[in-house]
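What follows draws every value from the coordinates through simple rules; no lab data is involved. All of these numbers come straight from a predicted model, not from anything done at the bench.
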Amino acid sequence: MNTANVRPLPHAQQRRSQRILLSVSILISGQHDNGSPFSERTWTQIVHAHGALIQLHEPVVTGQTLRMKKLATNAEVACTVVDINPGFTEIPEIRVVFSKPSPSYWRVSFPPEDWSREARKQSNFLPSPGP
């Protein structure tokens, strides 16, 4: 995945949780301005305890409420569109946040808040010696 097309956010230095590159098959549903329903099968690009970055053909607007269903488990959660980035492809990148934090929704272990490459390099972990 090329993350060069993800716009830097003003509050990027104050993120609430670590991000993980993870492609999860999901179904997004919502309503158009005229009230007609839509649903689109898509995938995540990045996930975190508070939401995800997804690609979506359906036109949405910032502040719009959507439903996200994880197809592997049928787990469903409400989310809100917080950012729309046209990106470099013809499929817009949409940043959504859950109505309430749901770190267990993705069923992955997120790195601790203070995790960084520098911290990993400074750890006392040594590989076990061979036979």
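Annotation: amide H of E58 has no partner in the under-5 Å range at sequence separation 5 or more or interchain, hydrogens built in the peptide plane.
Taking all Cα pairs closer than 8 Å and separated by 6 or more residues, the relative contact order of the stretch 15-121 comes to 26 percent.
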